[in-house]
2 protein chains.
Amino acid sequence: MSNPPASGENQSVARALSILDLLADSPEPLGVREIARRLGLPPSNVQRLIKTLTRAGYLEQADATLRYAIGYRAFQVGNAFVGQTSLVSAVMPELYALADEHITGFLGVMRDRSVVYLATVQSEGPVAINHRPGHQTHLHSTAMGKALLAEMSDEAVISLLGSDPLPRITQSTRIELPQLLADLAEYRKLGYSYSDEENRQGFFSAGAVVRDATGGVVAVLSGAVPAVDLAADARARIGMRVHDAAQRASRKLGAPTPRAFGHPAG
Amino acid sequence: MSNPPASGENQSVARALSILDLLADSPEPLGVREIARRLGLPPSNVQRLIKTLTRAGYLEQADATLRYAIGYRAFQVGNAFVGQTSLVSAVMPELYALADEHITGFLGVMRDRSVVYLATVQSEGPVAINHRPGHQTHLHSTAMGKALLAEMSDEAVISLLGSDPLPRITQSTRIELPQLLADLAEYRKLGYSYSDEENRQGFFSAGAVVRDATGGVVAVLSGAVPAVDLAADARARIGMRVHDAAQRASRKLGAPTPRAFGHPAG
DNA sequence: GAACAATGTTCCATTAAGTGGAACAACTGC
DNA sequence: GCAGTTGTTCCACTTAATGGAACATTGTTC
């Protein structure tokens, strides 16, 4: 059972990161031998890697002295991903404003062909959309994802998503590429994207991108409401509302003249 | 310049983690050679470690193809620290409720002789307390920290904080241990802790611990308001309010009979 | 309460894998 | 155009990581 390190990489570090990945996805803490078993590594090796990770605070003992879980240092370091205070401080007030209007607001970025959630501000009421920070969802089924896709050219979208079939999340999910591209064309005209129960039954959401001083897309913002009793004009109203919030956040970040929606080449 | 690995640890992993630590604390992305210089390591070594970290998503190129910053995978993994959905889903509604009453709410845990912030819900108004998740503050100057200390015995507090002098944060900070212990005794009777501009000029905050089903302390909750125009009875009112919020969250986590404040031996 | 089967941890010979100096290439700005 | 960066690759050396085995602990079962 040889497992040579990838070219130009470091085997020990790769293994240590796989331990972090494993524990991050595990709902409960795991012991040394259990981890070793799942990763196909000798316990003595895992033991040493864990000791290093623990001493640095990236792991910690869950209970008295048994199994291990992700440590506080990983949390601190990970939150540095959000980076410069500017993005969050520009967007969070907008999310709170949305919540005041009974719209649950989300902030996310595109990574790894997915949307990664950075923050959520729940609206009052029975709306229980609980996407923890770090949660990953599909690009093609969410308002956030589709707002990001609408920024790209059709060719870029195809080369990004064309390799695998689009998974169906709900009955309304766009699983055909042409259908999705048609949506994107509409969003470019509208100035916002939306997802009508395409990712979660019973919820309508709209999305719009946030730009920084260079004019590049730095994040995407969305707002969600229950889909029941929602007239067609209400959808447009929410779309405009989210669009405005994203515009305001972008302006706060020093984005240049609020240009037309769509990719630069358009 | 020899730098042998600590006993029973892994040198490569320790170095990789030091890269993460460095980039997490750096306000801007850093290049390979810059990192190598700051850590006292050869660039070729750093290069390989970075490649491994990048391929796993723990680092990513900031701009076109220049310097490196913390990656999205670190964010995702780090957020697993918050762990079981139960804690957050039990506490967040309480924080939102506080915000409705113009109290900015915080959630934190004790780690490494400090309070680590997990979440914040800002109240409306001009209150701009912006403690990003992962932020670390002192135990002795914050309401959250003092609520945690009040759970320990005086001896435990002394052995925890007695080694170093307590740093002065504001003019009101308790920098004398006996003074701090007197505070803690008061909090045990009150059922909540408070910090009267001891950590931040102009802000009063109160704190109370959250317990899980085993009765152990799993987190601490606090609420902050501007200190101006705050009558003495208002302080008590906010303290009780925060105490109630913590109680409710604890009950939601299945905590046993709301027992008296104070450490078990008391 | 003894026998069992897990567990976490340490030890140590083997050698594979990490190390770091040097060389190369690409870029920047004087 | 030159000088000082930078990121990246190469490769001989040997350090430092590896993994099997032995040991120590726990908790479970009969």
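The values are calculated or read from the model by the stated rules, or taken from the named source; none is laboratory data. Since we're looking at a predicted model, the values are computed, not measured. Cβ: placed from backbone, ideal geometry, glycine included. Neighbour counts: every protein chain shown. The area values use the complete protein model at the heavy-atom level, side chains included, leaving out ligands, DNA and RNA. Shrake-Rupley method; radii C 1.70, N 1.55, O 1.52, S 1.80 Å.
Mind pulling up the Rg/Rh value for the stretch A:83-252? Radius of gyration and Kirkwood radius, both on Cα. When Rh is taken as the Kirkwood radius, the ratio is 0.93.
Pairwise Cα separations in the stretch A:11-78 fall into 10 Å bins from 0 onward with the following percentages, short to long: 22, 63, 15, 0. Can you tally the net charge around A:Lys252? Count Lys and Arg as +1, Asp and Glu as -1, for every other residue whose Cβ sits under 11 Å from the Cβ of A:Lys252. Net local charge, A:Lys252 excluded: +1. Label-point distances for A:Ala232 to the equivalent site in the other copies, using a point 7 angstrom along Cα→C-beta, read 6.6 nm when ranked shortest first. Backbone amide hydrogens, once placed in the peptide plane, bring B:Ala227 within less than 5 Å of B:Phe203, B:Phe204, excluding anything fewer than 5 places away on its chain. The coefficient of translational diffusion for the stretch A:6-131, derived via Stokes-Einstein from the alpha carbon Kirkwood radius under 20 °C and 1.002 mPa s, stands at 125 µm²/s.
Listed by chain and number, the lysines whose alpha-carbon sits under 30 Å from that of B:Lys51, ignoring those within fewer than 8 places in the same chain, are A:Lys51.
In the complete set of protein chains, residue-level accessible area for A:Val218 is approximately 50 Å², probe 1.4 angstrom. The calculated 222 nm mean residue ellipticity attributable to helices in chain B amounts to -13000 deg cm²/dmol, summing -39500 (n - 2.57) over DSSP H runs of n ≥ 4 and dividing by all residues. Build a GNM of chain A with springs between Cα atoms under 10 Å apart, and of A:Pro93, A:Pro43, A:Pro133 the one that fluctuates most is A:Pro43. Every pair of different Cα atoms in the stretch A:186-225 enters the Kirkwood calculation, which places the hydrodynamic radius at 11.1 Å. Extents of the stretch B:87-177, largest first, come to 40, 30, 20 Å (Cα atoms, principal axes, whole angstrom).
Please list, or write none, the lysines whose alpha carbon is within less than 16 Å of the alpha carbon of B:Lys146, excluding same-chain residues fewer than 8 places away. Straight-line reach from B:Lys146, under 16 Å: B:Lys189.
For the rotation that carries chain B onto chain A, the axis lies closest to a Cβ at B:Gly78, 1, where the number is the distance in whole Å. With its label point put 7 Å out from Cα toward Cβ, A:Glu155 sits 7.5 nm from the same residue's point in the other copies, in order from shortest. Over the protein assembly as shown, the alpha carbon radius of gyration divided by the compact-protein estimate 2.2 N^0.38 Å works out to 1.02.
For B:Tyr194, enumerate residues with amide H under 5 Å from its amide H, sequence gap 5+ or separate chain, H modeled in the peptide plane. Amide H to amide H, under 5 Å and 5 or more residues apart or across chains, B:Tyr194 pairs with B:Gly207. Here the stretch B:116-188 and the stretch A:28-58 have alpha carbon centers that stand 34 Å from each other.
Position B:Gly31: other-copy label points at 5.0 nm, ordered by increasing distance, label point 7 Å along Cα→C-beta.
If you keep only loop residues by DSSP, which GluC sites (Glu not before Pro) in the stretch A:141-219 have at most 15 other Cβ atoms within 10 Å of their Cβ? Hits after loop and neighbour filter: A:Glu176. Ordered from largest to smallest accessible area (heavy atoms of protein chains, 1.4 Å probe), the residues B:Asp100, B:Asp229 come out as B:Asp229, B:Asp100. Which GluC sites (Glu not before Pro) in the stretch A:78-128 pass both tests, a DSSP loop state and at most 10 other beta-carbon atoms within 10 Å? For GluC sites (Glu not before Pro) across the stretch A:78-128 that sit outside H, G, I, E and B with at most 10 neighbouring Cβ atoms in 10 Å, the list is empty.
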